[in-house]
């Protein structure tokens with residue numbers, strides 16, 4: 001099942017089962033990249049640890065997956081769900097330790113006043129009743145949300161209004177829907193005149209609409225028709241421009257003047273500190289004071305498109321965005337047809353650019369291995385902006401680090417093979433580490449081992 005949100009004020013989705021993405025990664029990536037979806041939900045992903053999320057989604061998204069896992073048992077193959085959310089929505093995963101449900105729950109900020117619980121779930125055929133009950137009971141752990149949106153493949157024999165269905169599992173579902181004041185908005189039958197995919201939400205009917213999609217991201221399964229969902233809400237952060245961020249441009253630095261300034265500094269004051277944190281803070285203050293006088297600033301540019309997009313692809317994407325806005329405003333009846341034509345052309349162009357990029361990367365593997373490892377490393381960065389732990393959502397970097405430390409402390413168990421006789425002897429006291437001496441040669445040796453590069457690190461200083 002896939003759900004796609006296109007704009008902050010108007011959230012558009014596409015929902016369907018993909019019946020496996022393992023063999024469709026390239027085509028799926030092109031489909032996602034050719035549009036501007038805000039949130040994408042998928043069931044029956046059939047993914048495993050060997051397939052990275054950035055083989056499916058570009059850098060705009062944070063991806064949260066629940067893979068079923070690899071197994072030789074046929075009943076364990078397949079399944080799996082995921083939610084991909086644009087980073088601007090600050091998604092926070094809601095974790096339920098110990099749960100075996102194929103489901104992902106997220107908290108998404110619509111604005112400073114509203115937050116929505118978004119869930120994607122998959123129930124395999126012939127799932128037991130206690131599996132459904134376990135899923136329904138999970139919502140008691142999440143606290144208050146302004147809205148709830150559940151999209152999933154429930155695999156239940158629902159032909160019309162499930163409130164009149166006598167199936168025990170459907171009755172359990174009906175009780176859950178009534179308890180949370182939800183409604184079912186999928187009115188598109190599959191090939192067997194059933195509703196396997198359900199859209200459950202407490203959003204007012206005047207703010208949500210659901211219809212059969214004409215443009216799924218992958219070929220449509222007749223048992224799971226693609227669904228478009230549009231949700232309207234008032235946002236206080238849409239379309240805001242990126243905050244200008246300035247960094248030191250060491251490629252244009254005056255290194256001779258920098259060397260002279262550093263030579264005049266008396267560093268002995270650092271020996272007067274008893275607190276290492278304060279000493280490091282003062283040390284960096286001295287560095288930044290010299291940099292401010294010898295290194296010009298440059299504004300960082302937020303990359304709108306992957307670097308391997310051709311100029312023609314970028315031009316068509318910008319044109320498609322303009323035509324789409326006109327189509328939504330119904331300014332020109334021909335805009336809808338032009339938008340559909342551009343959408344197909346953009347998808348083809350992105351697929352062509354991506355294949356060219358992969359082919360050149362493979363071709364230059366021997367002559368330029370650094371380019372290959374750059375591609376490999378770029379597919380490994382997908383860090384969320386927030387962390388949900390012990391029913392608390394942490395968004396500050398320091399709070400996230402402390403929450404991780406707290407979790408690590410709670411699960412850490414000392415090695416049973418630990419022998420105090422082999423303990424390293426030192427003259428350290430408490431939290432203090434005593435270093436007898438650091439010679440000039442030690443410093444020179446450490447500097448020589450640094451890689452010479454003008455690329456800045458996390459402290460905005462190159463090595």
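Dividing the convex hull volume of the alpha carbon atoms of segment 255-374 by its residue count, what do you get in Å³ per residue?
Cα-based convex hull of segment 255-374, divided per residue, equals 224 Å³.
How many nm separate the modelled label positions at residue 215 and residue 271, each set 7 Å beyond the Cα in the direction of the Cβ?
Between residue 215 and residue 271, the label points sit 7.0 nm apart.
Report the full-extension gain for the segment residue 286 to residue 413: residue separation times 0.36 nm, less the Cα-Cα distance, to one decimal in nm.
Length gained, residue 286 through residue 413: 41.5 nm.
At a 10 Å Cβ-Cβ cut-off, how would you order 267, 308, fewest neighbours first?
267, 308
Rg and Dmax of segment 120-232 over Cα atoms: what are they, in angstrom?
Cα radius of gyration and Dmax of segment 120-232 are 14.0, 38 Å respectively.
Can you work out the base-10 log of I(q)/I(0) for segment 311-377 at q = 0.18, 0.23 1/Å, using the Debye formula on its C-alpha atoms alone?
Rounded to two decimals, the profile gives -0.70, -0.89.
Could you sort 312-325, 203-216, 270-283, 31-44 so that the peptide with the highest average Cβ count within 10 Å comes first and the rest follow in order?
Output ranking for 312-325, 203-216, 270-283, 31-44: 31-44, 312-325, 203-216, 270-283.
To the nearest 0.05, how large is the calculated FRET efficiency for residue 222 and residue 453 if R₀ is 41 Å and r is the Cβ-Cβ distance?
The calculated FRET efficiency here is 0.15.
Using alpha-carbon positions, what is the distance between the centroids of segment 314-352 and segment 112-154, in Å?
First find each Cα centre; the distance between them is then 35 Å.
Can you figure out the FRET efficiency of residue 344 with residue 321, using R₀ = 22 Å and their beta-carbon distance, to the nearest 0.05?
The calculated FRET efficiency here is 0.90.
If each residue's Cβ is checked for other Cβ atoms within 10 Å, how do 118, 170, 438 rank with the fewest at the top?
Taking fewest neighbouring Cβ atoms as first place, the list is 438, 170, 118.
Could you check the simple spin-label distance between residue 255 and residue 368, using points 7 Å along Cα→Cβ, in nm with one decimal?
Using points 7 Å along Cα→Cβ, the separation is 2.5 nm.
Using the 2.2 N^0.38 Å rule of thumb for compact globular proteins, work out how segment 246-299 stacks up: its C-alpha Rg over that value, please.
Dividing the Cα Rg of segment 246-299 by 2.2 N^0.38 Å gives 1.29.
What area, in nm² and to one decimal, does the C-alpha convex hull of segment 9-233 cast on average over all directions?
Across all orientations, segment 9-233 yields a mean hull projection of 12.1 nm².
Rule-based calculations on the coordinates, nothing more; no lab input. These numbers come from a predicted model, not from an experiment. In this analysis, Cβ positions are derived from the backbone assuming ideal geometry, glycine residues included, and neighbour counts consider all displayed protein chains.
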